[in-house]
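Trainee: Here it is: the structure, laid out below.
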Amino acid sequence: MAHQVDRAIEAVDAAMRQLKRSMRGIPARREGFKDHHDRTAKAIARLTVTLSDSRAAIRD
């Protein structure tokens, strides 16, 4: 089970890196998009840390 958590964290990390690359060149401050992006990135970071911390409680 912990291996699945590791794979999920890696997939989320890859998706966030892709989002960061995609953000280049986009007028991010328009329509409040930057605010939505920042809130989403913070929520994903909290989720990733929580999942990482939960690995100790999950047994293989």
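Trainee: Can you confirm whether S52 is touching a residue at least 12 places away in the same chain (Cβ under 8 Å), loosely packed, with under 13 Cβ neighbours inside 10 Å and in a helix (DSSP H, G or I)? Please lay out each step first, then the result.
Mentor: On the way: touching a residue at least 12 places away in the same chain (Cβ under 8 Å): yes; loosely packed, with under 13 Cβ neighbours inside 10 Å: yes; in a helix (DSSP H, G or I): yes.
Taking the combined requirement at face value, the residue satisfies it.
Trainee: Consider region 2-28. How many of its residues are in contact with a helix residue (DSSP H, G or I) (Cβ under 9 Å, 6 or more places away or on another chain) and at pLDDT below 90?
Mentor: First, the residues of region 2-28 that are in contact with a helix residue (DSSP H, G or I) (Cβ under 9 Å, 6 or more places away or on another chain): 2, 5-6, 8-9, 12-13, 15-16, 19-20, 23, 26-28.
Among the residues that remain, those that are also at pLDDT below 90 are: 2, 5-6, 8-9, 16, 19-20, 23, 26-28.
Number of matching residues: 12.
Trainee: Can you confirm whether region 35-44 contains a residue that is within 18 Å of I58 (Cβ to Cβ), loosely packed, with under 11 Cβ neighbours inside 10 Å and not aromatic (F, W, Y)?
Mentor: Initial filter on region 35-44 (within 18 Å of I58 (Cβ to Cβ)): none.
No; the residues of region 35-44 include none that is within 18 Å of I58 (Cβ to Cβ), loosely packed, with under 11 Cβ neighbours inside 10 Å and not aromatic (F, W, Y).
Trainee: Can you find even one residue in region 13-34 that is among the β-branched types (V, I, T), at negative phi and in a helix (DSSP H, G or I)? Explain how you work it out, then say what you get.
Mentor: Filtering region 13-34 for residues among the β-branched types (V, I, T) gives 26.
Then keep just the ones that are at negative phi; that gives 26.
So of that shortlist, the ones also in a helix (DSSP H, G or I) come out as none.
Within region 13-34 (the criterion being among the β-branched types (V, I, T), at negative phi and in a helix (DSSP H, G or I)), the answer is no, since none of the residues qualifies.
The values are calculated or read from the model by the stated rules, or taken from the named source; none is laboratory data. None of these values were measured; they are calculated from a predicted model. Cβ coordinates were reconstructed from backbone atoms using ideal geometry, including for glycine residues, and neighbour counts include every protein chain displayed.
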